[in-house]
Structure formats: structure tokens, C-alpha cells
1. Would it be correct to say that Lys32 is surrounded by fewer than 17 Cβ atoms within 10 Å (Cβ to Cβ), assigned by TED's automatic domain parsing to the domain that holds Ile59 and either within 17 Å of Ile95 (Cα to Cα) or not polar (S, T, N, Q) (or both)?
2. Out of (1) within 22 Å of the chain's Cα centre (by Cα); (2) closer than 24 Å to Asn87 by Cα, what's the single condition that is false for Gly145?
3. Out of the residues in region 110-139 that are assigned to a helix (DSSP H, G or I) and of a type in the set (Gly, Ala, Ser), which is farthest from Phe213 (Cα to Cα)?
4. Which one of the conditions (1) within 22 Å of the chain's Cα centre (by Cα); (2) within 18 Å of Ile138 (Cβ to Cβ) does Leu163 fail to meet, given that it meets all the rest?
5. So for region 39-56 (the condition being of a type in the set (Lys, Arg) and within 28 Å of Tyr224 (Cβ to Cβ)), does at least one residue qualify?
6. Within region 27-44, which residues are of a type in the set (Ser, Thr, Tyr) and within 17 Å of Ser78 (Cβ to Cβ)?
7. Quick check on region 77-86: of everything there that is in contact (Cβ under 8 Å) with a residue 12 or more places away in the chain and loosely packed, with under 13 Cβ neighbours inside 10 Å, which residue is nearest to Ser227 (Cα to Cα)?
8. Picking from Lys208, Lys139, Lys186, which residue would you name as being in contact with a Ser or Thr (Cβ under 7 Å, 6 or more places away or on another chain) and among the basic types (Lys, Arg)?
Amino acid sequence: MKQFKDLAVVLKRKNFGEADNLITVFSKNHGKLEILAKGSKKIKSKFMGHLEPFSLVKISVVLGRSFGILTSVQLEKSFLYLKEDLNKLSLVNLISEITDSVTLEGASNFKVFDLILKTLSSNTWKSKPRLVSLFFLIKLLEFLGYAPHLDCCVKCRNENSKLNYFSYYWGGVLCKDCKDSYPLEKIDRETLSIFRKLQSTKAFDIDKIEEDFNSDSNDKKALYFISNFFSFINDKKPNSLKFVEKLSE
């Protein structure tokens, strides 16, 4: 049997039978994995308290026919402060669900793993949680090859045109003359400016966004656009987005 050890972030946990849990993690060297934690629902389980969503863990896994089988786990960091606030929790749920939906199982991506870890560790959660989530989603698009085109009209490439629309189909901004019947929405200058500034910020400079943005008045609209872009890519609206929107009302 092939066995390996890795560092991973728990994305979600769901019941699997009477005593087990099926855990989805994003690991440093193996990418996204579904692993079976046998007996983890039992009170005396050695896994109890170590497999909470959004926790950083060291895992040992034996490869099985359908899933990897978890043999040991060690909690490295729990990020409890993100789970004690409903607003932060809803946003972390959103980025976790989107990460799970757009990444392939077993495809390693060091940039995505580092992005997840840096995002969960960011001090900016305290002051601008939506902005942190938005930064994560923009960088995730970039690392997966879906970075939106924001510098000029994605169709005619005219930099001097007034960019009025965000096209989910074309993956970027459109001028008025290039507007078509594919899914798009009007975008204002302030939201476009937020996108450009976040896109130009390097992933390891995530805490720099706290000083770069004086107000988070429009990040709600920006998060709406990016979440809808992921919905278009994945052909499914994230379930956790409904909770985010409800808390924002």
C-alpha cells in the first residue's frame, strides 16, 4: 500500500456512514484530496477535534480504492478566530466551497496551497474581511488560469474606450461598442479600480491591502461580481454565497 505524509488545510467535513467522516483537504504536495477518517465520529476517536474545517493539519494517508484512508493527524493551527464571527465564517465558507468546486483532485498546486494558508493567517480579517475574501478569489482565478482581463476591452483591445461592462463569458471588461448577448453586467469605475488594485498586489503581500484601501464601501459589489464569475465558470452558484449575501443586507 502506498502511504504518504503531507501538510493540509481542511476544506470541509461530511458524514460518511454511522461512525466515519469524509474529509476534503487541500494539501501542499498532493493538491485537493478526499480522505476517509474511519471512526472519527466516535467520542474516543484519536481524530476528535483535529479535523475541523479551515484547520491546518499534518496528515498521514494510505491510498485506498476509492478514497485515501487517514491513519494519523496532528493539528498545527485551528484559526479559531475565523469561526467565532458569523461574518468571517460565512466568507471562509465561501472561499472554501469555491476552492473545492474549481480545483481538481490530486492536482498539486503550491501557489494555491500557499494562498489558502496566507489568507487564513492574514491580519486583515480583523478590519476588512470581505476584502480578504475578494483578494483570495481574484488570486485563485489567476493561479488557475482564469484571471479576468481588466486593462482594456477584452474584445476590441481598445484601452481608451469607456469600460462599462464585466463579461462573464469573455472573462473581462467590455466597452459599450462591444456589448453582446452573452452573460454580462454593468460595472462602475470604483469596482473596476478595486479589481485592478487587488490583481496587481502579489499574493504574499496580502496584508498590504489593509493600508491600500481606506474604505470597504464597494467591496460588497466587487465580491458579488467575482462570486458570479466563479458561478459561471463552475456552472453552479455557491451555496454559501446565499449566507454571505444575507449577512450583508
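The values are calculated or read from the model by the stated rules, or taken from the named source; none is laboratory data. Please read these numbers as outputs of a predicted model, since none were measured by experiment. Cβ coordinates were reconstructed from backbone atoms using ideal geometry, including for glycine residues, and neighbour counts include every protein chain displayed.
1. Here the answer is no, as Lys32 does not meet what is asked.
2. Against the list (1) within 22 Å of the chain's Cα centre (by Cα); (2) closer than 24 Å to Asn87 by Cα, Gly145 comes up short only on (2).
3. Filtering region 110-139 for residues that are assigned to a helix (DSSP H, G or I) and of a type in the set (Gly, Ala, Ser), the one farthest from Phe213 (Cα to Cα) comes out as Ser121.
4. Condition not satisfied by Leu163: (1).
5. no
6. Hit for region 27-44 is Ser40, nothing else.
7. Checking each candidate, the answer is Leu86.
8. Result: Lys208 is the single residue among Lys208, Lys139, Lys186 that is in contact with a Ser or Thr (Cβ under 7 Å, 6 or more places away or on another chain) and among the basic types (Lys, Arg).
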